Amino acid sequence: MSKSGKTGGIWLPRLAVAAVLALAVAAYPLCPPYARVIDESLSAFATGDFTAMRAFIAQYGAWAAAVSFFLMIFQSVAAPLPAFLITFANAALFGWVWGAVLSWSSAMAGAALCFYIARVFGRGAVESLISKAGLQSVDDFFVRHGDKSILIARLLPFISFDFVSYAAGLTPMGFKGFFIATGVGQLPATIVYSYVGGMLTGGARLLVTGLLIVFALSVLIVLARQMYRERHEKHPASN
C-alpha cells in the first residue's frame, strides 16, 4: 500500500467520527427540538428513577424506540450515565424480550462508537471524556486479566461499561474480538435487567434491588473462583 493510501486509511475514519461528534455538538444551540431532547434526557437520568425515563421515552410515541436507541448511545459517550434506567424503561414500554433486543443492540452501537473514538483520537481525548483516574483504573484491570478482560468486565456490574469500551480502543486488540466479547458479556445482564424491568410496578423496587444483588453476587462468585484457580495454577503452593 502506498503512503497516501495509509494516510487516507488513518484520516478517513478520524474525519467521519469527528464529523458526527461536531454535528452532535453544533446541533445543540441550532436545533431547539434536539436541545430539548438532550436537556430532558439529562433531567430523567438525574432523577435515578426508571419511571421518569420511561415517561420521557414514551412521550415520543412511534419514535420511542429510536429515541431510546439514541439515548443509549448518548449515555455511552457521556459516561458514566446509568444505562440500566434505559434498559428498565425499554422493558416496561416494549416488553422484556423486545426491550432486551433494543437495549442490547443500542448498547452495542454505543460500545462501538466509544471504541472508535478512542482508536481514532487517542488517549488524550479519552481522558478528557472520562478522566485520567477512571481510565487508569480500567487499564490496571486490563493488565491483571489480559485477553479475558473485556468478557470479565462486561459481566461485572460495578465496572463502567463505557470506560471499558474507551479503554479497549486504546489497546492493540481488534474490533472484532472486542465486539464479540462485548456482545456475549453484556447479554446476561441485559436479559436479567430487562426481565426485571418488565415486572416493575409501583412498589417493586425492593424486589429489583434484591434480584440485582443476587445477580451481582452470583457473577462475583463465579469470577472469583475462576481467578483463584488461575492464580493457583500459575503459583502452586509448595508442599
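The values are calculated or read from the model by the stated rules, or taken from the named source; none is laboratory data. Quantities reported herein were computed from a predicted structural model and do not represent experimental measurements. No Cβ is skipped: glycine too gets one built from the backbone with ideal geometry, and neighbour counts run over all protein chains shown.
So is residue 165 touching a helix residue (DSSP H, G or I) at 6+ places or on another chain (Cβ under 8 Å), in contact (Cβ under 8 Å) with a residue 12 or more places away in the chain and either surrounded by fewer than 17 Cβ atoms within 10 Å (Cβ to Cβ) or not in a helix (DSSP H, G or I) (or both) or not? Considered against the rule, which asks whether it is touching a helix residue (DSSP H, G or I) at 6+ places or on another chain (Cβ under 8 Å), in contact (Cβ under 8 Å) with a residue 12 or more places away in the chain and either surrounded by fewer than 17 Cβ atoms within 10 Å (Cβ to Cβ) or not in a helix (DSSP H, G or I) (or both), residue 165 comes out as no.
Inspect all residues belonging to the range 88-105 and state whether any of them is free of Cβ contacts under 8 Å to residues at least 24 places away in the same chain and under 23 Å from residue 130 (Cα atoms).
No, because not a single residue in the range 88-105 is free of Cβ contacts under 8 Å to residues at least 24 places away in the same chain and under 23 Å from residue 130 (Cα atoms).
Only residues that are farther than 23 Å from residue 22 by Cβ, modelled with pLDDT of 90 or more, surrounded by fewer than 20 Cβ atoms within 10 Å (Cβ to Cβ) and of a type outside the set (Phe, Trp, Tyr) were counted across the range 44-78, and they come to 7.
Per-residue answers, yes or no, for (1) assigned to a helix (DSSP H, G or I); (2) crowded, with 22+ Cβ neighbours inside 10 Å:
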residue	(1), (2)
113	yes, no
120	yes, no
141	yes, no
148	yes, no
153	yes, yes
173	no, no
177	yes, no
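Criterion first (surrounded by fewer than 22 Cβ atoms within 10 Å (Cβ to Cβ), farther than 23 Å from residue 176 by Cα, among the hydrophobic types (A, V, I, L, M, F, W, C) and under 15 Å from the mean Cα position of the chain (by Cα)) does residue 81 satisfy it? Considered against the rule, which asks whether it is surrounded by fewer than 22 Cβ atoms within 10 Å (Cβ to Cβ), farther than 23 Å from residue 176 by Cα, among the hydrophobic types (A, V, I, L, M, F, W, C) and under 15 Å from the mean Cα position of the chain (by Cα), residue 81 comes out as yes.
Contact annotation: residue pairs with Cβ atoms under 9 Å, 6 or more positions apart or on different chains, pairing a residue in the range 51-72 that is outside any helix (DSSP H, G or I) with a partner that is surrounded by fewer than 23 Cβ atoms within 10 Å (Cβ to Cβ), are 59/40; 59/67; 60/37; 60/66; 60/67.
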